[in-house]
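Here is the structure we will look at, set down as structure tokens.
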Amino acid sequence: SSSESISVPMIPLGLKETKELDLLVPLKDFINEHYGEEGVLFEKEIKEFMELRQAMRTPSRNEAGLELLMEYYNQLYFLDSRFFPPTKTLGVFFHWYDSLTGVPSHQRALAFEKGSVLFNLGALHTQIGARQDRASLPGLNQAIDAFQKAAGAFNYLKENFSNAPSLDMSAASLTMLVRLMVAQVQECVFEKMTLLCAQNDFLARLQLAQEAARVEEVYSLVHQTMSQPHVKDYVPFSWTTMVHVKSEHFKALSHYFAAMALCDCPAPSDAELLEQEKAFLQFHVTMPDGPSLRVLLQDPEERRKLGKAHLKKAIMKHEEAMRIHGLCKILRKMDILQEVLSFAHKRSLSKYSEIDHEEDFFETGEAPDIHPKTHQKPEIKSPNFSQVKVTDLFHRLGPLSVFSAKNKWYPARRVHLMRGENGFGFTLRGDSPVLIAGVIPGGCAAVAGLKEGDYIISVNGKDCKWSKHAEVVQLLKSTGKDGVDIGVITLQGSECPKAVDRKAAVMSSGSGVLKSNKENSRKSLMNSKSASTLLVWSKKSKRSKKSTYSGVPFTAVGDNEAMY
């Protein structure tokens, strides 16, 4: 039948909309003030970031659109590290509108921007899933993948963000959305089974009935979630009704396929009996009244009786689905849904009249419900942020391990250094930027004013922030009699306590300071959080390990340390 192949509509989400954002002045000011660089020199990078944000507002509904959102989300990681110190904000407001109600919200916290982009990633997956042609196997597999990824995005958002200012990102709403996506996956799995199952096979019919019962079970859970106090007034009535209609519709289908298995498939041969008995034993929630399973399966009349009871229940459920559907004005306009419901209802009615005998004097019993079971459990697929590689747009500011918003350093110093008989009189360690790990008392470096813990950022005017150890050494070695100009910075808080052994102090301040800064930044962020106003990004993104900058330069002690 043509109506058999018509797919029931799915529920896609609209994207959150956002206002334009001008970051040119705030970022230039921050670069001037915090990094001590000319903000004007970074206009190209700032404009590139703003263009990316502008493009991200209207992504295309395909893989390219998903990649665009992912690219922007990954760039926010760098923006956060570069321009958002733990103790103050940029003074910029991020404005976003609620996906379902259009109510505006705004926050200074970058976490709100991150969360909103993540929400749109999930919403875009729902739109891609809802657009697939589910009458074919490839279309169904793509829809399953899209809804699973949508569930993953909403779940990730729920687990990693808190205190969202807009209702669509509240824990209750996100729980509902994850469950809705899982139900839509389960519905696609049922549709997949109807394409793959052999039509007149007894076990295949039982399997379809159990798949339908599973779809009914997950939609019932979504309906319960949508009916909860915080969610009920917020979710569109058409969604709640659609979910309720689907739970009744699939309950009806589970009873219909049970009846088809009993009435349309021949009684088992002796070889098939054991397998059918085993399957039927786990088929009903409670065992049906009447004869033993073996008798039931082998006696056509007993099969017809139970089949008739299942059809009676199916027809009741079809009628309930149609009644609920009729209560919603929006759904009444949806011809496809109307057609699917009435086709399924008529199909059950005609089967009932076909197996109903005039001489039936028995009272049609109450058929037990079917035990829900699926052969493909939905997966909640978390976003894979590393699939879209990005390079830090503000790379020129220097390695993030040192040149970040959370670190503070004293103004850069230029030191003129002459080479003595025993070299320059310091030890160097690490890469990008190279660290002065030790200074020999009375040596050339000490006299010139270099200190342990200084980072070399330039040699004779050449920028060395990103230079490797060997490159800096080569530059130093190639200096003539006139000596060399070295630019250095000292991180605030990394000066060594005098009482402690110099070397040990450098090691501990080196590996300790940045780490404790990390902890402090998190603590101060938590302390400054007021429950209603600040959205907290509670778990550091896993991507930080894979980013394009090198880690804290204090890791390779010893091997990489050399005297010059």
_Scope the stretch 198-226; condition assigned to a helix (DSSP H, G or I), farther than 17 Å from P9 by Cβ and not aliphatic (A, V, I, L, M); matching residues_ = F202, R205, Q207, Q210, E211, R214, E216, E217, S220, Q224, T225
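Yes or no, residue by residue, for (1) of a type in the set (K, R); (2) more than 22 Å from G398 (Cα to Cα):
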position: V40; (1), (2): no, no
position: K44; (1), (2): yes, no
position: E48; (1), (2): no, no
position: R57; (1), (2): yes, yes
position: L68; (1), (2): no, yes
position: L76; (1), (2): no, no
*If the Cβ limit is 6 Å and pairs must be 6+ apart or interchain, which residue in the stretch 194-211 that is assigned by the TED database to the domain that holds K278 and at negative phi pairs with which residue that is open to solvent by 40 Å² or more (accessible area, probe 1.4 Å) and of a type outside the set (A, V, I, L, M)?*
Q210/K373
_Which condition from (1) open to solvent by less than 50 Å² (accessible area, probe 1.4 Å); (2) modelled with pLDDT under 95; (3) not in a loop (DSSP other than H, G, I, E, B) is the one that Y156 breaks?_
(2)
*Go over the candidates G129, G139 one by one and state the one that is in contact (Cβ under 8 Å) with a residue 60 or more places away in the chain, assigned to a helix (DSSP H, G or I) and either crowded, with 22+ Cβ neighbours inside 10 Å or assigned by the TED database to the domain that holds R57 (or both).*
G129
*In the stretch 356-383, what count of residues is obtained for those that are surrounded by fewer than 12 Cβ atoms within 10 Å (Cβ to Cβ) and modelled with pLDDT of 90 or more?*
1
*Going through the stretch 78-99 one residue at a time, which ones are assigned to a loop (DSSP other than H, G, I, E, B) and at pLDDT 90 or above?*
F84, P85, V92, F93, D98, S99
*Scan the stretch 407-442 for residues that are surrounded by 22 or more Cβ atoms within 10 Å (Cβ to Cβ), touching a helix residue (DSSP H, G or I) at 6+ places or on another chain (Cβ under 6 Å) and part of a loop (DSSP other than H, G, I, E, B) and jot them down.*
F424, G425
*Residue check for K192: of a type outside the set (S, T, N, Q) and open to solvent by 40 Å² or more (accessible area, probe 1.4 Å)*: no
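Results for (1) at negative phi; (2) touching a Cys at 6+ places or on another chain (Cβ under 8 Å); (3) not assigned by the TED database to the domain that holds Y35, shown as yes or no for each residue.
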position: G420; (1), (2), (3): yes, yes, yes
position: T427; (1), (2), (3): yes, no, yes
position: S432; (1), (2), (3): no, no, yes
position: L435; (1), (2), (3): yes, no, yes
position: G438; (1), (2), (3): yes, no, yes
position: G443; (1), (2), (3): yes, no, yes
position: G449; (1), (2), (3): no, no, yes
position: I457; (1), (2), (3): yes, yes, yes
*Could you please find all residues in the stretch 314-327 being modelled with pLDDT under 95, surrounded by 17 or more Cβ atoms within 10 Å (Cβ to Cβ) and of a type outside the set (A, V, I, L, M, F, W, C)?*
H325
*If you scan the stretch 110-123, which residues turn out to be more than 12 Å from the chain's Cα centre (by Cα) and either buried (at least 21 other Cβ atoms within 10 Å of the Cβ) or in a strand (DSSP E or B) (or both)?*
A111, F112, E113
*With Q184, Q199 as the choices, which residue is touching a helix residue (DSSP H, G or I) at 6+ places or on another chain (Cβ under 9 Å) and farther than 19 Å from S238 by Cβ?*
Q199
*asked:* Condition first: open to solvent by less than 70 Å² (accessible area, probe 1.4 Å), more than 12 Å from L203 (Cα to Cα) and without any contact (Cβ under 8 Å) to a residue 24 or more places away in the chain. Now tell me which residues in the stretch 262-294 satisfy that.
replied: S269, P291, S292, L293
_For the stretch 159-183: of the residues being charged (D, E, K, R) and within 20 Å of E113 (Cβ to Cβ), which is surrounded by the most Cβ atoms within 10 Å (Cβ to Cβ)?_
D168
*Only residues that are over 9 Å from P433 (Cα atoms) and open to solvent by 10 Å² or more (accessible area, probe 1.4 Å): list them for the stretch 452-475, please.*
E452, G453, S458, N460, G461, K462, D463, A470, E471, V473, Q474, L475
*Filter the stretch 42-68 for residues that are in a helix (DSSP H, G or I), free of Cβ contacts under 8 Å to residues at least 12 places away in the same chain and either more than 20 Å from the chain's Cα centre (by Cα) or within 19 Å of F94 (Cβ to Cβ) (or both) and give the result.*
K44, E51
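The values are calculated or read from the model by the stated rules, or taken from the named source; none is laboratory data. Quantities reported herein were computed from a predicted structural model and do not represent experimental measurements. As a convention, Cβ positions derive from the backbone with ideal geometry for all residues, glycine included, and neighbour counts pool all protein chains shown. With ligands, DNA and RNA removed, areas are computed over all heavy atoms of the protein, side chains included. Shrake-Rupley method; radii C 1.70, N 1.55, O 1.52, S 1.80 Å.
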